[in-house]
Amino acid sequence: MEIKDLQFHELKKTKVKEFKFFGVSHKTASIAQRELFHLSEKEKERLVGLICSHFSDVTGLLILATCNRTEIYFESIRTNATEILKFFMNFKGQPETAQIVFLQTNDTKSTIKHLLQVSSGLESMVLGDAEIIHQIKKAYQYSMQNKLQGSILERTIQTVFKTHKRISNETNFRDGTTSVAYKALKSIRDFYGKEEAKSRNILFIGAGDIVEQLFQYNSKFNFTNIHLSNRSSTKAKILAELNNAKIYPWNRVLQNNFNEFDVILSAVSNCPHLVTNISNTANKILLIDLGVPSNINEKLAIQKNITYYNLDTISYELHVTKIKRLEALDHINIILNEEREILIEWIEKAAYRKAIAAHKERVSKKIKNELIQSNSYSEKKAIELTNEIIKKIITNNKKFTQSVGII
């Protein structure tokens, strides 16, 4: 009996899925450049549908869109990062030359390393930023809702959470505050002074994650005169009631009617230059722009009574905590390397076990056909011959199969 497709070298050539990514962040691009690639929730929903329809072999997809980064992780056999990046450029209406600010790789190990570094806060503008793990969790929940968690992505996210827990338990990396929201509130207190700041009229524009965090951290600052405005009046009302804030009409924001406020803190997605005019020139005004694209026209800072902070300003001032976290980096890297190696070993074993199963199925079909042609077919005999041949292949390549956990 001749079985021509049983050579083990073919098994090693079996195409397997790779985990890939491309992305832009504060490390590769300015705020203005990052704004070009920011994804709103509606854009993200549309992009997911388009990627799935144009690239049929993409089985896992994670879109991480934050203030400081837009990254797309995916698993596939054929489709590479460059193809989807070009597709993304077209989706955002940007020329292919704009790809220069993007990182990309088609290598599973490199992608895993990058995601673990991102999720640990090592790639954040504020070293060790704790918000990123929540943003990744939210992004992954979106993937699951669309049944795009994929086998490699799913296991990688499990490793992300495990690594995060180890870092929290085994190091001092999480000590101190690195939250942009917390720092924004602290900037208000530092600007006006501890007691005076409590009575200042503050306007929060937006009702997303950052604004929710602002309210959470306010328990440490006790600012009492907070107003909230948002495009969705329903969402604004719910958030305001939960936090004893007052509602400020959205149409008055659009009119740039801010005369009664000492502080305007804006964190709205997809509202470039929402705040372009401040007519109150008598009082000292603090503008804090946490939006992407930028919500507040930075040229307002030309006015003598106005001080303007943006994301870069807020993040740049978090130096003390950064020093403490730098001291924990050696231990962090040990944890990351350990967890990455465990994950990569699992991926390699899973890939070759799948290849063995596929190879076994081909062998089984070949044997059945030859037994039928020779009028000697029986299910038991077919199974025995298949198992015998697969066992022989594995045994003859014992060193290799042991290395990937097949035997």
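At a glance:
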quantity	calculated
Every pair of residues 6+ apart whose Cβ atoms lie under 8 Å, when the first sits in segment 352-364 and is polar (S, T, N, Q) while the second is part of a helix (DSSP H, G or I)	S364/A382; S364/I383; S364/T386
Close pairs from segment 236-259: first outside any loop (DSSP other than H, G, I, E, B), partner loosely packed, with under 13 Cβ neighbours inside 10 Å and modelled with pLDDT of 95 or more, Cβ under 7 Å, at least 6 apart	A240/K246
Count - residues of segment 115-132 that are assigned to a helix (DSSP H, G or I) and buried (at least 20 other Cβ atoms within 10 Å of the Cβ)	6
Unmet requirement for V126, which otherwise passes all of (1) farther than 30 Å from Y308 by Cα; (2) in contact (Cβ under 8 Å) with a residue 12 or more places away in the chain; (3) among the hydrophobic types (A, V, I, L, M, F, W, C)	(1)
Only one of E71, E96 that is farther than 16 Å from K147 by Cβ and modelled with pLDDT of 95 or more	E71
Hits in segment 48-75 (condition: out of contact with any strand residue (DSSP E or B) (no Cβ under 7 Å at 6 or more places or on another chain) and either within 21 Å of K113 (Cβ to Cβ) or touching a residue at least 40 places away in the same chain (Cβ under 8 Å) (or both))	L50, C52, A65, T66, C67
Residue satisfying condition, being out of contact with any strand residue (DSSP E or B) (no Cβ under 7 Å at 6 or more places or on another chain), at pLDDT 85 or above and in a helix (DSSP H, G or I), within set K381, K391, K366, K322	K366
Test: residue in segment 24-34 that is in a helix (DSSP H, G or I), touching a Phe, Trp or Tyr at 6+ places or on another chain (Cβ under 7 Å) and either modelled with pLDDT of 95 or more or within 23 Å of N270 (Cα to Cα) (or both)	no
Selected residue (criterion: nearest to I393 (Cα to Cα)) from residues of segment 361-377 that are surrounded by 14 or more Cβ atoms within 10 Å (Cβ to Cβ) and among the hydrophobic types (A, V, I, L, M, F, W, C)	V363
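The values are calculated or read from the model by the stated rules, or taken from the named source; none is laboratory data. Keep in mind that this is a model prediction, so the values were computed, not measured. Note that we place each Cβ from the backbone using ideal geometry, even for glycine, and neighbour counts take in every protein chain shown.
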